[in-house]
Amino acid sequence: MMKMLIQLDEERVRKDGKYRVEDMWRVIDKRFAGECIKEIQSDGSVMYAGDPHKDYFTRINLATFYLKRQRWFADYCTKWIWYDNDDDEDLPFQDIDVLSRMKQKRAVCAR
């Protein structure tokens, strides 16, 4: 099973006025639509859990590929964690901090 947790700095988005929070979530939701189940968390973050009856593996990978290339996403994302247990429900989830990795890579490329 795979899951992906995303959180945006919605307050900053509203303050900056460059984007609408609702539009940003609409774009993100669309990337996971069909193969993932959206679960809004108590802190406002969103968990996209793979639907085990569908090809969520491809959907999550394509969403990741797309979001990594969006400047607006990089500017306002505050949490982006990928959870994976290699489809073995007996294994605990590994958590990969995609946001930290993306920022490290951008810092290296900017040098």
Task: Viscosity 1.567 mPa s, temperature 4 °C, Stokes-Einstein D of the stretch 1-78 from Kirkwood C-alpha radius, µm²/s - done: 101
Open item on the list: Test of understanding: what is the full-extension gain from residue 22 to residue 100, defined as 0.36 nm times their sequence separation minus their Cα-Cα distance?
Closed with: 25.6 nm
Task: Debye, to nearest 20: dipole size of the chain, +1 on Lys, Arg Cβ, -1 on Asp, Glu Cβ - done: 1040
Task: Per-pair calculated FRET efficiency, R0 = 25 Å: residue 71 and residue 43 via Cβ, rounded to 0.05 - done: 0.55
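No value in this document is a laboratory result; all are computed from the given coordinates. Just so it is clear, the model here is predicted, and its values are computed rather than measured. Glycine also receives a Cβ, built like all others from the backbone with ideal geometry; neighbour counts cover every protein chain displayed.
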